[in-house]
1. How would you rank A:ASP69, A:ASP190, going from fewest to most other Cβ atoms within 10 Å of each one's own Cβ?
2. How far apart, in nm, are two points set 7 Å out from the Cα along the Cα-to-Cβ line at A:ASP69 and at A:GLN468?
3. Need the full-extension length gain, A:ALA434 to A:ASP166, defined as separation in residues times 0.36 nm minus the C-alpha distance. One decimal, nm.
4. By how many nm would the segment from A:LYS157 to A:ASN227 grow when fully extended, if each residue of separation counts as 0.36 nm and the alpha-carbon distance is taken off?
5. Can you give me the long-range amide H partners of A:TRP191? Hydrogens built in the peptide plane at 1.01 Å from N, cutoff under 5 Å, separation of 5 or more residues or another chain.
6. Points 7 angstrom from Cα along the Cβ direction at A:GLU300 and A:GLU397: gap in nanometres?
7. For the pairs A:LYS195/A:LYS314; A:LYS258/A:LYS327; A:LYS393/A:LYS481; A:LYS108/A:LYS244; A:LYS76/A:LYS157, note any where the Cα-Cα span goes beyond 28 Å.
8. What whole-number distance in Å separates the alpha-carbon centres of region A:184-244 and region A:1-72?
Amino acid sequence: MSDKIRVRYAPSPTGHLHIGNARTAIFNWLFARHNGGEFIIRIEDTDLARNIEDGERSQLDNLKWLGLDWDEAPDKPNAKYAPYRQSERKDSYQVYIDELLAKGLAYKSYKTSEQLTAEREAQQAAKQAPHYVYEYEGLTNEEREAKYAEFEAQGLKPVVRFRVDDDKVYAWDDIVKGRIEIGAKEVGGDWVIQKADGMPTYNFAVVVDDHLMEISHVLRGDDHVSNTPKQMMIYEALGWDVPKFGHMALIINAETGKKLSKRDNNVLQFVEQYRELGYQPQAMVNFIGLLGWSPVGEDEIFSLQEFVEMFDEKRLTKANAKFDQKKLEWINNQWMRRDKEKVMPQLINELVQAGLVSEADAVAKADWLAKVIEVAGVDGISYTKEIVELARKPFFELSDITPDMVEWLTSDEGRAVFNAWEARYAALPADAKAADYMDVIRSIQTDLEVKGRPLWNPIRIATTHEVQGPNLPEMLELFDKDQVLATMAAVREQYLN
RNA sequence: GGCCCGUUGGUCAAGUGGCUAAGACGCUGCCCUUUCACGGCGGAAUCGAGAGUUCGAUUCUCUCACGGGCUACCA
């Protein structure tokens, strides 16, 4: 085995990229890149029934979106250890299954699922831990072969089970948790390494692949801790070196306190969903990189490159972390403001998607739209889709005037302000600037001796049908003068005549 | 039930045998301001419990409690 650092991210293509998986991928990638090592993606698709059509594509696509790259993966068919899909590596597994069978370290088992459940239930009824019962105890090899033939004759399909030596103890120095020791008897007896459909099981296939692909470090969720002794048994049986293991704490659902699961509908937990809402990839990486890992200093905003430089696997947290949506929103806000130029087209596109702006205007009026977005309050939003409701009124639609607003308008003060404003606004040139509007409003304040809301509200209502919102002079600069005049005329017509 | 892992403010977390126990999100007060947001300055809030070791434990040991993970022909 070379001493090159090689790590892998090995998803099963059963769904889109989950936050938890993304974190595993990110930390493996950071570990590799920090150490000048290699990052491999392998698709663990041995459960034919659960694979979904687009799973693999979606995984790679979203990883790429997050900014990760890889040295070997199914999309690089000429890479050294190809293929990188377990379903295409059956021959490799067969070699070692045969070897274990030949050495007597594994055997064929023909028990039906009914038998297995019955066994398990009986054990549970007797208050015993479920434990596989070896069915060939005391038989010679020949006698066992004879049994095989007998079962085959009955048309039964075998699985291959690994023969576990219950007396052994498996121990390793975990990169994140320190020393862990688990007795072989805890794995529950002889376990299946090859299923009846000929596919290897996960615990067997990972070992063969990790060894063949020269994986040096395995960084994964700590839900795999109890799989580790099983995997170590295979390394041992085949005489292979064991990689270094690191079991990272899990991300848990803040509401249920349980491991974030695909069935939790109360949290958005697929990278894709955040992507659709307009979260920035840098923000996702930034947030995920800080869940279960902490840097040395006090900063919170980091680029992928900064993470690469700082990464230190010793700073991985031991305790589970709750997923804090609010902090993600804040981090995303920070990134949007940092990269505003880059995000602007995406923001404009949100307005198009919402039907507020035509495709043609999105291009033709891009500069104006950028100003609208700025004035509408882009600095306060958590993700790009939020700009739609912020900009909608009054830039693209007007609200209805409420009874409250009518009162502001029809008081003596309100009428006076409205009249002055209407006249002085009309007198301003069409290309007046925010400062010009401000001057006019100040002049009304001085002349009529009105200030505060009694001054601003009638003006706001007259021009925007709102009593609050972004800085009014700045909005006025962006409005079309004829349209504002028409709006005011309509207000006068309906409420002030 | 068994085995394994964990426990610092609401959340993410730093940290150490002796410190006023960092920082960030959130919450909150004040300022800015026509309003909202932004921004600025403050504030409240944490070492799960009990024994031990020690001159001294948040830090080391043990027990307990609580939380989580696993316990498949899923990965």
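1. Least to most surrounded, the residues fall as A:ASP69, A:ASP190.
2. 4.8 nm
3. Full-extension gain reported as 88.4 nm.
4. Value of the extension gain: 22.6 nm.
5. A:PHE162, A:VAL164
6. Modelled inter-label distance: 3.4 nm.
7. A:LYS195/A:LYS314; A:LYS108/A:LYS244; A:LYS76/A:LYS157
8. So the separation of the two Cα centres works out to 18 Å.
Bear in mind that the values in this text are calculations on the coordinates, not laboratory data. Since we're looking at a predicted model, the values are computed, not measured. FYI the Cβ positions are ideal-geometry reconstructions off the backbone, even for glycines, and counts take in every protein chain you see.
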